[in-house]
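The values are calculated or read from the model by the stated rules, or taken from the named source; none is laboratory data. Since we're looking at a predicted model, the values are computed, not measured. Glycine gets a Cβ as well: all are built from the backbone with ideal geometry, and neighbour counts include every protein chain shown. Only protein heavy atoms, including side chains, enter the accessible area calculation; ligands, DNA and RNA are left aside. Shrake-Rupley method; radii C 1.70, N 1.55, O 1.52, S 1.80 Å.
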Amino acid sequence: MRGCGTPLAAGVLGALLACGTAAGATLPAAPSPATDTGVTASLPAPSAPGEPSAWGANQPRFAPSSTSSPSSSTSSGSSAEGVTAATAAAGPDWVFRGAGWGHGIGMSQYGAMEMARDGYTAAQILNHYYTGTTYDAVADSAVISVNLRNGVSTTSLTTSALSTGGGAIRLTAGGTTAVMNGTLGATVTVVRSGSSAKATCTSCTPVTTLTGTFVQATWNDGRTLLDVDGTKYKSGTLVVWPSPSASTSLEVTNKVRVHDEYLDYLREVPWSWPLEAKRAQAAAARGYALSASYKDSCKCHLFDDTRSQVYGGYPSTSDLPYWSGWQQAVRGTGTTTTGYVTRYGGSIIQAFYSSSSGGRTQNNEDVWGGTPLPYLRSVSDPWSVRSSNPNASWRAVITGGSLASAFGLSDVAKLDLRDRTAGNGVDVATATSAAGARATIDGESLRSRLGLKGTWVRHLVSRVDGANRYDVAANVAKRISVSATSAVIASGESAAVFDASVSGPLSAAVDGPLLLTAKGALPAPTVAELDRRKASLKTVYIVGGAGSVSEAVRTQLEQRYAGLAVTRISGASRYEVAENVAKQIKARHAVSTVIVASGTAIADALGASGPASALGYPILLTYRDSVPAETLGALDATGATIAHIVGGEASVGSAVESYLTGTRSMTVRRHGGASRYEVAANVATYFRARFSLPTEIVMTSGANAALADSLAAGSLKRLMVLTAPTAVPEATLAVFQTTPQLETVVAVGGAASVPAARLVQAQNS
């Protein structure tokens with residue numbers, strides 16, 4: 001596994017989509033049964049209406065190897081609904097789907113909240129996210145410096161009264177003995193003056209200016225609030241320093257005691273959250289603060305924002321009702337000089353945490369490189385992707401130019417994201433240009449360069465399944481409007497599946513579903529779906545002769561659904577059935593193009609049925625080395641001038657192609673391949689340009705035993721690809737990787753035909 005950078009900030013946020021079983025410590029049982037399978041409403045942060053949230057859990061984090069802001073080219077990428085990186089276009093936009101926010105190392109804040117809802121204690125929560133750790137009380141009265149203003153040219157200090165008699169401020173300057181005193185409402189302006197800091201206050205006494213190596217302010221009499229450039233503080237000692245690395249700027253820090261003056265004002269998680277989640281957060285934050293080293297570059301141990309932890313100042317009126325609950329969590333030990341932390345082997349750990357993972361947290365070395373830390377192991381985190389997390393699912397749209405720039409390529413024609421970390425985030429991303437140039441970057445670079453919320457980038461997946469092929473077809477039909485007035489019924493029995501294989505384009509032509517039947521009677525799933533539609537249903541088309549769908553089925557339809565018109569489209573052979581289906585399609589719209597597939601290799605016809613249905617192309621069947629008279633009749637009847645042959649010469653020979661191009665003077669394009677998987681992939685790749693922004697691709701089984709599940713999939717009018725039971729073929733993966741707008745892979749068929757592992761492969765491609 002590759003990595004980049006070194007871990008510098010424990011509070012650096014969030015993640016994307018992944019699942020798995022826990023690695024490391026066994027998760028203790030909840031005190032009460034955990035039956036919650038998801039929260040239907042988000043927990044609002046207690047902030048005033050119209051104000052931006054100040055909670056660290058809901059803010060973007062800076063990269064852990066940097067203390068500067070994200071670059072302007074990607075800073076717009078913070079919307080959960082859509083992120084657009086603005087760059088000159090170099091090809092189409094690319095859609096990224098993911099979940100969670102941040103690096104995903106250590107504790108997930110939203111995961112901890114949901115664990116607390118399920119009854120877990122702070123100790124159990126922390127032991128889950130930090131493998132092999134203990135929950136211990138330690139002394140926490142140390143004083144640290146928190147940077148409030150970093151590299152500013154000026155800062156303004158104003159006092160207000162928290163209670164009667166408040167409002168006093170006292171200022172001193174380094175290297176001098178002068179004192180400046182202010183009363184309620186006093187405003188002090190501090191600027192850089194050469195290598196010194198200069199404070200000015202026109203209402204202060206006995207002097208109105210102070211200049212020194214630093215300016216220090218005290219006000220914490222319990223009755224006064226100090227407003228520092230818009231944020232109010234009750235406690236601490238404020239120091240304004242000349243920036244060491246810049247000749248015109250200042251650093252503003254507040255010296256505070258960890259136990260209360262610092263931890264009481266942290267805004268990492270909403271104070272309305274469950275107590276045990278807040279206790280877990282307080283312990284992680286305390287350990288981070290106690291282990292922070294002093295940095296002369298900022299004159300601080302910590303920053304007040306997401307570069308470290310969000311230190312938000314005195315609560316606003318809307319926050320105050322929740323504050324006592326947060327203070328209760330901070331005071332977990334019950335003493336004024338100790339607090340709980342997480343330790344490993346007796347030492348306080350680097351308690352990294354993030355807003356949320358995408359279902360599984362990350363190993364530290366997989367994200368930042370360096371030495372693997374035993375307490376920062378990837379663990380299962382299903383709590384992170386419950387609906388209470390506003391970033392449980394997000395969508396980002398990245399311009400082609402931005403994506404190409406991220407890889408240093410002229411354009412990106414293919415993006416391969418299957419190389420994954422232990423936490424199922426992107427480990428290495430590989431891009432290929434249209435000219436064949438390849439470039440790779442690690443997952444964290446992909447995240448930062450594109451402004452994504454995390455590295456758990458993967459396609460959405462869904463499944464249309466059922467107990468059998470009839471059930472699958474009925475469930476596919478549920479994706480087609482219930483107000484449709486027509487439906488198509490074909491045989492689902494193995495001996496007659498070719499009739500169903502050409503029926504998808506007919507169902508599209510009549511704007512109805514394609515359902516399957518047994519030869520002698522309608523199966524229960526088919527009846528149930530027809531019953532659901534009976535208020536609108538006027539016509540049913542039976543595809544196939546009585547040898548495949550008996551007259552008993554027609555009678556059953558007519559008797560069960562009064563007034564239903566039943567039309568049979570039959571033929572003496574599968575070739576004639578296909579011919580007559582094509583004529584029905586021609587009767588509804590002009591036909592200039594047809595699909596020509598083998599009458600014996602059904603997989604090729606199935607793979608083409610999605611595009612054929614969407615584009616209105618009839619599917620005709622042929623012998624290997626000659627064109628049947630029935631197929632010639634279909635060509636005559638439709639007047640088609642273009643033919644797409646699906647399959648290699650082993651299924652549709654060169655003689656057929658020569659006849660169509662020569663004798664018939666048709667424009668012919670062959671979509672071949674070394675296997676049925678390559679044929680379907682080549683068909684999808686070719687017809688993709690005919691689809692307006694193809695956001696869904698259907699994946700069905702290419703195994704002979706499971707082809708019946710695919711029969712009705714063509715009626716969905718989507719690009720279709722095939723998978724093998726043991727692995728998704730490279731040709732199929734390539735279709736996903738070269739479809740920029742792809743968001744969802746829809747599996748048609750149960751887990752026996754499209755195993756869950758194949759869906760995961762497609763998801764992570």
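Could you tell me the relative contact order of the chain? Use alpha-carbon pairs under 8 Å, at least six residues apart, and round to a whole percent.
After rounding, I find 15 percent.
Please give every one of the lysines within straight-line cross-link reach of K717, meaning a C-alpha to C-alpha distance under 21 Å, and leave out same-chain neighbours fewer than 8 residues apart.
K478, K583, K586
Quick check on packing: order 649-660, 344-355 by the mean number of other C-beta atoms within 10 Å, highest mean leading.
My ranking of the peptides, most packed first, is 344-355, 649-660.
Going Cα to Cα from K453, which lysines come in below 26 Å? Please leave out same-chain ones fewer than 8 positions away.
K278, K414
Using alpha carbons only, how many angstrom separate the centre of the stretch 140-216 from the centre of the stretch 428-442?
54 Å
So what's the stretch 668-759 giving for Rg/Rh, alpha carbon basis, Kirkwood Rh from the mean inverse pair distance? Kindly include the intermediate steps, with their values, before the conclusion.
Numbers: Rg = 12.3 Å, Rh = 13.2 Å.
Reported Rg/Rh, Kirkwood definition of Rh: 0.93.
Using the heavy atoms of the protein chains alone and a 1.4 angstrom probe, what is the accessible area of the stretch 602-654 per residue in square angstrom?
Averaged over the residues of the stretch 602-654, the accessible area is 27 Å².
So if I take the centroid of the Cα atoms in the stretch 704-724 and the same for the stretch 622-686, what is the distance between those two points in Å?
Centre-to-centre distance over Cα atoms comes out at 20 Å.
Check D93: other-chain or 5+ apart residues with amide H under 5 Å from its amide H, H built from backbone geometry?
Amide H to amide H, under 5 Å and 5 or more residues apart or across chains, D93 pairs with G400.
Averaging over all projection directions, find the projected area of the Cα convex hull of the stretch 94-162 and quote it in nm² with one decimal place.
11.2 nm²
Which residues' amide hydrogens lie under 5 Å from the amide hydrogen of G544, considering only partners 5 or more residues apart or on another chain, with H built in the peptide plane?
When sequence neighbours closer than 5 places are left aside, the close amide H contacts are I569, S570.
Compute the distance from the alpha-carbon center of the stretch 457-517 to that of the stretch 569-605, in whole Å.
17 Å
Rounded to the nearest 500, what is the chain's calculated 222 nm mean residue ellipticity when only DSSP H runs of at least 4 contribute -39500 (n - 2.57) each, over all residues?
Numbers: 19 runs with 178 residues, N = 765.
Estimated from H runs of four or more residues: -6500 deg cm²/dmol.
At a 10 angstrom cut-off on C-beta neighbours, averaged per residue, how do the peptides 176-186, 749-759, 222-232, 375-385 rank from highest to lowest?
Descending mean neighbour count gives 375-385, 749-759, 222-232, 176-186.
Aspartates and glutamates near K534 by alpha-carbon distance under 15 Å, same-chain residues fewer than 8 away left out - which ones?
Correct list for K534: E558.
In angstroms, what radius of gyration and Dmax does the stretch 277-426 have, counting Cα atoms only?
Rg then Dmax for the stretch 277-426, in Å: 19.6, 62.
Using the per-residue mean of other Cβ atoms lying within 10 Å as a proxy for protection, in what order, highest first, do the peptides 325-336, 706-717, 285-296 fall?
Values: 325-336: 17.4, 706-717: 27.5, 285-296: 19.1.
Packing order, densest peptide first, comes out as 706-717, 285-296, 325-336.
In Å and from the alpha-carbon atoms only, list the Rg and Dmax of the chain.
33.3, 111
Over all distinct alpha-carbon pairs, what is the Kirkwood Rh of the stretch 464-592 in angstrom?
14.3 Å
For the chain, what % of the accessible area comes from carbon and sulfur atoms, probe 1.4 Å?
Ligands and nucleic acids excluded, carbon and sulfur give 52 percent.
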